[in-house]
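The values are calculated or read from the model by the stated rules, or taken from the named source; none is laboratory data. What you are looking at is a predicted structure, and each value in this text was computed from that prediction instead of being measured. Here the Cβ positions follow ideal geometry from the backbone for every residue, glycine too, while neighbour counts run over all protein chains shown.
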Amino acid sequence: MKNLLTILLTSLTAISFAEQPGVIKSEFIFDPAPHPQCHSSTLVETPAGLVAAWFGGTREGNPDVGIWLSRHQDGVWTPPVEVANGAETEDPRVNCLNPVLFQVPKGPLLLFYKTGKWWAYKKESKDNGATWSKPERLYNGLFGPVKNKPVLLADGSILSPTSVEIPSPQGRSWRVHFERSTNGGKSWEYIGPVNDGHEIQAIQPSILFHPGNRLQALGRTQQGKLFEIWSEDGGMSWGKMSLMDLPNNNSGTDAVTLKDGRHLLIYNHTGNRTDIDRPSGFRSPLNLAVSKDGKKWEAALVLETEPKKEFSYPAIIQTGDGLVHITYTWKREFIKHVVVDPAKLETQPMVDGQWPDSVK
């Protein structure tokens with residue numbers, strides 16, 4: 001269990017956070033932790049309730065790091081279980097990374113993840129995450145979603161946001177592309193890449209919906225700000241990538257379009273970091289912003305504020321009851337789960353991407 005001081009500080013922070021309009025619940029998915037470190041959570045709603053997954057082990061990159069999963073049943077999270085690891089696919093065993101869950105409508109629950117050689121795998125569950133198939137590797141330049149969830153389009157196809165990090169003479173090339181399935185995730189077609197990887201070094205997009213079959217993707221860069229890129233044809237082609245006003249400290253983000261048409265973005269509202277090769281913290285604060293058009297964002301919530309700590313790699317979804325669920329890495333020790341009522345959020349405008357002092 002966490003020591004007494006940690007419990008006290010966490011409780012005080014939770015009280016302050018819970019006072020913000022719209023916050024319903026804040027909790028750890030597990031405690032005690034079944035592993036020394038954890039990171040990169042993913043969240044999905046299934047017919048049987050919420051399912052969350054993440055990677056955990058002694059330390060990111062170590063061979064013992066696997067994919068862990070918990071299901072929300074009868075108001076509580078089940079004890080975490082390891083559902084995938086590198087020993088299943090490679091010898092000697094390698095680490096696992098970046099799980100992403102997606103529920104196929106009237107179909108299986110899909111789990112995408114990577115292993116240490118950045119090989120991409122997929123597993124299926126036909127019982128809402130209780131049991132899983134053997135891993136299936138993705139080939140032909142397909143990677144599956146690299147951090148954030150695929151989306152279901154109006155025509156029934158699935159669009160997966162993804163990216164690659166490739167060494168090049170000009171430095172590491174970070175390029176975004178998309179993968180589309182018209183058969184429930186059985187096969188995929190490659191769309192992109194949509195940037196050159198150097199002018200804007202971008203990875204880990206999320207997808208938002210706009211009227212008129214328009215889509216917006218936004219996410220992480222090495223340029224100190226979030227990126228955005230737009231599609232006018234439901235994701236089949238994309239325009240020119242550009243930088244937003246909002247800052248990015250080279251850390252993962254996530255976003256979702258609500259049923260009422262608004263958009264939520266969860267991210268670290270703070271400037272660039274330079275230690276991109278080995279994250280060591282400095283991913284704070286963690287913020288929730290709201291937009292009606294994907295261009296003008298307003299401040300809503302600050303989930304974490306402790307300086308020089310890591311609150312990162314969030315996932316965000318809206319469930320059938322209209323509530324919003326968020327998970328994120330808490331100091332690499334735990335995965336935190338937050339529930340928000342979006343109808344009760346109170347927002348303040350941001351000017352030139354600056355977070356207002358009145359939203360704490």
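So here's what we get for this one:
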| quantity | calculated |
| --- | --- |
| Selected residue (only one of V23, V94, V44, V100 is buried (at least 16 other Cβ atoms within 10 Å of the Cβ), over 19 Å from the mean Cα position of the chain (by Cα) and closer than 24 Å to T162 by Cα) | V94 |
| Scan of the range 124-148 for residues that are basic (K, R), surrounded by fewer than 23 Cβ atoms within 10 Å (Cβ to Cβ) and either in contact (Cβ under 8 Å) with a residue 40 or more places away in the chain or closer than 16 Å to R180 by Cα (or both), ordered by number | K134, R137 |
| Flag if K240 is free of Cβ contacts under 8 Å to residues at least 40 places away in the same chain, of a type outside the set (A, V, I, L, M) and part of a loop (DSSP other than H, G, I, E, B) | yes |
| Test: residue in the range 67-81 that is polar (S, T, N, Q), buried (at least 18 other Cβ atoms within 10 Å of the Cβ) and under 26 Å from I203 (Cβ atoms) | no |
| Those residues of the range 305-325 which are of a type in the set (D, E, K, R) and either surrounded by 23 or more Cβ atoms within 10 Å (Cβ to Cβ) or on the phi > 0 side of the Ramachandran plot (or both), in sequence order | K308, E310 |
| Some residue of the range 184-194 being at pLDDT 95 or above, polar (S, T, N, Q) and surrounded by 15 or more Cβ atoms within 10 Å (Cβ to Cβ) | no |
| Pair list, Cβ < 7 Å and 6+ apart or interchain, from the range 76-92 residues that are among the aliphatic types (A, V, I, L, M) to residues that are part of a loop (DSSP other than H, G, I, E, B) | V83/W132; A84/P135; A87/R93 |
| Residue ranges of strands (runs of 3 or more DSSP E) in the range 246-360 with at least 1 members under 23 Å from H72 (Cβ atoms), of a type in the set (D, E) and in contact (Cβ under 8 Å) with a residue 12 or more places away in the chain | 254-257, 297-304 |
| Test: residue in the range 203-214 that is at pLDDT 95 or above, closer than 22 Å to P349 by Cα and not aromatic (F, W, Y) | yes |
| Leading residue by the ranking (nearest to the chain's Cα centre (by Cα)) among those in the range 226-268 that are farther than 26 Å from Y190 by Cβ and of a type in the set (G, A, S) | S251 |
| Unmet requirement for D293, which otherwise passes all of (1) touching a Leu at 6+ places or on another chain (Cβ under 7 Å); (2) surrounded by fewer than 23 Cβ atoms within 10 Å (Cβ to Cβ); (3) within 20 Å of D245 (Cα to Cα) | (1) |
| First in the range 173-195 and farther than 17 Å from S237 by Cβ, second anywhere and of a type in the set (S, T, N, Q) and in a loop (DSSP other than H, G, I, E, B), Cβ under 8 Å, 6 or more apart | S173/Q201; W174/Q201; W174/Q222; S181/S157; S181/S187 |
| Criterion (more than 26 Å from N140 (Cα to Cα) and outside any strand (DSSP E or B)) met by exactly one of K106, K117 | K106 |
| Count of the range 149-165 residues which are in contact with a Ser or Thr (Cβ under 7 Å, 6 or more places away or on another chain) and either among the aliphatic types (A, V, I, L, M) or surrounded by fewer than 20 Cβ atoms within 10 Å (Cβ to Cβ) (or both) | 2 |
| Residue tally, condition under 23 Å from E124 (Cβ atoms) and within 19 Å of the chain's Cα centre (by Cα), over the range 154-175 | 5 |
